[in-house]
Amino acid sequence: MSFSLAHPAHHELVIKKSRFIACVEPVAGREAAQTRVAQLKAEHPDAAHVCWALLAGGQSAANDDGEPGGTAGRPMLEVLRHHDLQGVMASVVRYFGGVKLGAGGLVRAYTEAVAQALLTAEKIALIQQARLACSVPYALEGWVRRELDLAQVELQAVIHGSEVSMLFALPETGAPALTERLSEGGRGQLLWLDAKEFAETHKDNAHHA
């Protein structure tokens with residue numbers, strides 16, 4: 001299971017007079033991460049480095065910001081991976097204290113700063129969502145809507161054509177039971193559609209339920 005964070009969490013380390021100010025926070029993608037880095041650089045104009053790592057699927061990234069290659073961003077990313085996080089950014093602002101730490105010392109410092117910040121962070125489980133789409137005759141629309149309400153399903157789009165087509169999302173674990181219930185109750189009149197294809201085809205003209 002993957003986790004995100006409920007709120008940003010912080011920790012500060014001082015090693016050989018260098019200050020390492022760490023923050024871990026929920027961030028959706030690379031664009032938002034870069035905006036956050038720009039904000040940190042503006043808040044800490046005298047800092048020597050603002051290193052960061054983002055774990056967010058295909059948008060994951062690691063940046064050493066001038067530190068020796070592989071001594072900051074990558075170790076920070078590994079800490080996030082170790083905690084099974086997703087959609088989370090770690091950043092460390094470093095104020096140089098005049099004493100060089102060496103590559104090993106830097107890896108330890110950046111790893112420790114992020115790990116300590118995570119100790120105080122509140123994790124929240126990410127529940128995998130399933131998307132389903134179906135079409136029914138108009139006579140069954142009310143019944144399907146009631147079933148979706150009972151199952152506390154998020155109805156994302158409805159298309160009124162020759163039949164009523166609906167796109168909805170729910171936690172993956174609940175999908176098999178709902179699919180079975182709708183199939184049985186639809187008595188052969190409910191047709192399952194490809195949810196991904198439906199969403200793409202109707203993204204411009206679908207109106208929300």
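The values are calculated or read from the model by the stated rules, or taken from the named source; none is laboratory data. Small disclaimer: the values here were computed from a predicted structure and weren't measured. Here the Cβ positions follow ideal geometry from the backbone for every residue, glycine too, while neighbour counts run over all protein chains shown. Ligands, DNA and RNA are stripped out before the accessible areas are found, and what is left, the full protein with its side chains, is counted by its heavy atoms. Shrake-Rupley method; radii C 1.70, N 1.55, O 1.52, S 1.80 Å.
Where does each of Arg36, Arg30 land when they are ordered by accessible area, with a 1.4 Å probe and the largest first?
Working: Arg36 40, Arg30 90 Å².
Heavy-atom accessible area, descending, gives Arg30, Arg36.
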Q.
Using only the Cα atoms of the chain, what semi-axes does the equivalent ellipsoid have when each is the square root of 5 times a gyration tensor eigenvalue? Give whole Å, largest first.
A. 49, 16, 12
Q.
Using the crude model of +1 on Lys and Arg Cβ and -1 on Asp and Glu Cβ, and no other charge, please compute the dipole size for the chain relative to its Cα centre, in debye to 20.
A. 800 debye
Q. Tell me, in nm to one decimal, what length is gained between Ala32 and Ala139 on full extension, where the rule is 0.36 nm per residue of separation less the Cα-Cα distance?
A. 34.0 nm
Q) Tell me, what is the 1.4 Å probe accessible area of Thr71, in Å² to the nearest 10? A) 10 Å²
Q. For the chain, what is the calculated [θ] at 222 nm in deg cm²/dmol (nearest 500), taking -39500 (n - 2.57) for each run of four or more DSSP H residues and dividing by its residue count?
A. -10500 deg cm²/dmol
Q | Angle in degrees between helix 175-185 and the longest Cα principal axis of the chain, rounded to the nearest 10 | A | 10 degrees
**Q.** Gain upon complete extension [Ala42, Thr201; 0.36 nm per residue less C-alpha separation]
**A.** 52.9 nm
Q: Provide, in order from the shortest bin, the percent of all Cα-Cα pairs of segment 79-165 in each 10 Å bin, continuing until the bin that contains the maximum pair distance.
A: 12, 27, 15, 13, 14, 12, 6, 1
Q) Taking the Cα centre of the chain as the origin and placing charges on Cβ (Lys, Arg +1; Asp, Glu -1), which of Gly29, Ala47, Gly73 is farthest toward the positive end of the dipole? A) Ala47
Q. If you line up the long axis of helix 102-119 against the longest principal axis of the chain, both from Cα atoms, how many degrees apart are they, to the nearest 10?
A. 50 degrees
**Q.** Gain on full stretching of the segment that runs from Ile127 to Ser183 - 0.36 nm per residue minus C-alpha separation
**A.** 17.7 nm
Q) For segment 30-44, in order, what is each residue's ³J(HN,Hα) by Karplus, 6.51 cos²θ - 1.76 cosθ + 1.60 with θ = phi - 60°, in whole Hz (x at glycine and Pro)? A) 5, 4, 5, 5, 5, 5, 5, 5, 4, 5, 5, 5, 5, 6, 10
